[in-house]
Amino acid sequence: MMTGTGPLHHRESFMKIRTQHMTLGAALMQIAEHERFTAINPLRIRGDKVTNAFLINDNTCIFLKYGSEPKSTGEYQFTFTTEQLGFIEDAEEHYRHVFVCLVCVEEQEICGLQAAELHRMITARQDSSEEDEDSYQVLITATEGGRLRSYTNRAGKRGTPALEPIVIPRSRFPGFLFE
C-alpha cells in the first residue's frame, strides 16, 4: 500500500501531460531511436533554459514547434518571434549544428530545417517589408505523396512566397541531424 509520503508523492513532482509534450515528444522519440543518438539535454543559452529547445549529443541544437492542423489554405503555420530567432542565432554562435524541427501533427510529418534555411526565408520576408516585424510566419505545405514545402509569404501578399519554397524530403528527419 502506498502511503503518499515519499518524494514521488510530493505534489510539485507531478506534471500534467500537455499537448506539446505529446506532439514534440514524437520528434524526440524519433531522434532517440537514431543509431547515432547518445544524449539529450535541455538547451541553455547564457545560463537560461530555452523552451522547446534541446541539445542532442554534444554539438547539435534543435528548436521544436508544432502545428496541430493546416489552416484553410492547406498550410501549417509556425510563428517565430524575434526573441525565438535571437535564441537560434545565439545557439549558432556556440554549437556546430542548429536545426528547427516543425511537427505537422495532422500530416504526421516532421519538417526539418537547417537554421540557415530558416534565416534565408526570414530574410526574404524582411526584404519584402518596409519595416521590421515582431514575428514571422513560416509555412509548410504537405501535398499527398509529395515532398514538404517550406516558405514565407511576401509582406502584405498572402499566397505569394517571398522566395521559392524550400523542398524538403519527408525522409529528411531525423537523419539529417546526425550528418
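Read-outs throughout are calculated quantities, based only on the coordinates presented, and are distinct from any laboratory measurement. These numbers were taken from a predicted model, which means no experiment stands behind them. Glycine also receives a Cβ, built like all others from the backbone with ideal geometry; neighbour counts cover every protein chain displayed.
Listed by chain and number, the lysines placed with their C-alpha closer than 19 angstrom to that of Lys157 are Lys71; residues fewer than eight positions away on the same chain are left out. Semi-axes of the equivalent ellipsoid for region 17-178, computed as √(5λ) from the eigenvalues of its C-alpha gyration tensor and ordered from largest down, come to 24, 19, 14 Å. Per-peptide packing, taken as the mean over residues of other Cβ atoms within 10 Å, places 114-121, 59-66 in the sequence 59-66, 114-121 from highest down. Among residues other than Pro165 with Cβ under 12 Å from its Cβ, the summed charge is 0 (Lys and Arg +1, Asp and Glu -1). Largest first, the three principal axis extents of the alpha carbons in region 100-161 are 37, 23, 16 Å in whole numbers.
How large is the helix-only mean residue ellipticity at 222 nm for the chain, computed as the sum of -39500 (n - 2.57) over DSSP H runs with n ≥ 4, divided by its residue count, in deg cm²/dmol to the nearest 500?
-7000 deg cm²/dmol
Averaging sequence separations of C-alpha pairs under 8 Å and six or more residues apart, then dividing by the length of the chain, give the relative contact order as a whole percent. Relative contact order here is 18 percent.
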